[in-house]
Amino acid sequence: MNAYLNGDYLPLADAKVSVLDRGFIFGDGVYELVPVYSHKPFRLDEHLRRLQGSLDGIRLANPHDAAGWRERILKLIDLQDVADQSLYIQVTRGVAPRDHAFPQTVSPTVFMFAQPLVTATPAQKAAGVCAVTAIDNRWLRCNIKAISLLANILLRQQAVDADCAETLMLRDGFLTEGAASNIFVVKDGVLLAPPPSNLMLTGITYDVVRELAVANGMPHAVRAISESELRAADELWMTSSTKEIMPIVRLDGAQVGAGVPGPLAQQMDALYQAFKQAVMRA
Ligand code: PDD
């Protein structure tokens, strides 16, 4: 497995950074995770735009323009044997003596690696997963894809401890997102999505799902979703680059809708798979 570190392509095991890297010391950095199908990155422009937004959010100059990123990313992808990959990109504020203030002159650390992409099997999608809820106790800048994920990790572990797949977060009585996914609700045939804001990360998958809903005439609305609406949902889905569209069939031990993946989830999954195929062929 090959990695990229500050201009070099090297085996992952040989990629080393200083313990004074601000990513290690402070979690002072941002990341992206790009799914790769048949050696082609999915929605790379969108991922690079979100990366730019995250870098702007932490006031870190982008070390590369879009063409520079594209060149490096495609080279790294081509170096991997496996065709379907999960490409991780991380940019930190670099190596400097420990001090909260930004270092004066320092170059960011750019690290990337790709591992085999593990997506849900048809059997897993047909079974669905369970989820739990928790109070969203993260900071107020969740739209930044920051590497400092301690709150998300603690929240996700609550799901793992309950033998579930995801923790759905509620802030002031409204759904924000999952610990590492976006959440969609279906009620009375209408697909509902929480509106993008500083309280959630707008997923690339979230955007694709919304585009597909519009393009295929699936009734849908983007608006705040209350806890009671969440609990009364006919269908719940979690979406992310690796989980794609995964139905949630139990929430806090209670059945969601009929307790099995619903018709809209199945329809959206089919649309998503077809879209992926079409984009990757183009
Ligand atoms: N996480 N919200 C959060 C908090 C996330 O961590 C993620 C994805 C998403 C969905 O974004 P996308 O559709 O672009 O994958 C929403 C990735 C998969 C991760 O951290 O591994």
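The values are calculated or read from the model by the stated rules, or taken from the named source; none is laboratory data. What you see is a predicted model, and the numbers here were worked out from it, not measured in a lab. Note that we place each Cβ from the backbone using ideal geometry, even for glycine, and neighbour counts take in every protein chain shown.
The strands (runs of 3 or more DSSP E) found entirely in the stretch 1-74 that carry 2 or more residues being aromatic (Phe, Trp, Tyr) are 29-37. Residue check: Ser107 meets all listed conditions (1) over 19 Å from the mean Cα position of the chain (by Cα); (2) not in a loop (DSSP other than H, G, I, E, B) but one, namely (2). When Cys130 is tested against (1) more than 24 Å from Val34 (Cα to Cα); (2) in contact with a Lys or Arg (Cβ under 6 Å, 6 or more places away or on another chain); (3) within 15 Å of the ligand (Cβ to nearest atom), exactly one condition is not met: (3).
For Gln104, the conditions (1) in the same structural domain as Pro247 (by TED's automatic domain parsing); (2) modelled with pLDDT under 95 are fulfilled apart from (1).
The condition of being surrounded by fewer than 22 Cβ atoms within 10 Å (Cβ to Cβ), more than 16 Å from the ligand (Cβ to nearest atom), among the aliphatic types (A, V, I, L, M) and not in a loop (DSSP other than H, G, I, E, B) does not hold for Ala258. Identify the residue in the stretch 233-249 that is polar (S, T, N, Q) and in a loop (DSSP other than H, G, I, E, B) and, among all such residues, is farthest from the ligand (Cβ to nearest atom). Checked the stretch 233-249; the qualifying residue farthest from the ligand (Cβ to nearest atom) is Thr242.
Could you count how many residues in the stretch 125-144 are of a type outside the set (A, V, I, L, M), part of a loop (DSSP other than H, G, I, E, B) and under 16 Å from Asp172 (Cβ atoms)?
5
Is it true that some residue in the stretch 205-216 is more than 16 Å from Leu271 (Cα to Cα), more than 13 Å from the ligand (Cβ to nearest atom) and either outside the structural domain of Val249 (by TED's automatic domain parsing) or surrounded by fewer than 22 Cβ atoms within 10 Å (Cβ to Cβ) (or both)? So far as the stretch 205-216 goes, no, none of its residues is more than 16 Å from Leu271 (Cα to Cα), more than 13 Å from the ligand (Cβ to nearest atom) and either outside the structural domain of Val249 (by TED's automatic domain parsing) or surrounded by fewer than 22 Cβ atoms within 10 Å (Cβ to Cβ) (or both). For the stretch 179-232, residues that are among the β-branched types (Val, Ile, Thr), part of a helix (DSSP H, G or I) and under 17 Å from Gly257 (Cβ atoms) total 0. The set of residues in the stretch 153-170 that are within 14 Å of the ligand (Cβ to nearest atom) and either crowded, with 17+ Cβ neighbours inside 10 Å or β-branched (Val, Ile, Thr) (or both) comprises Ile153, Leu155, Arg156, Ala159, Ala165, Glu166, Thr167, Leu168, Met169.
Mind checking whether some residue in the stretch 35-50 is assigned by TED's automatic domain parsing to the domain that holds Met112 and closer than 18 Å to Val95 by Cβ?
no
Of the set (1) closer than 22 Å to Met246 by Cα; (2) surrounded by fewer than 19 Cβ atoms within 10 Å (Cβ to Cβ), all apply to Leu140 but (1). Of the residues making up the stretch 46-64, not a single one is closer than 30 Å to Asp172 by Cβ, small (Gly, Ala, Ser) and away from the ligand (no atom under 16 Å from the Cβ).
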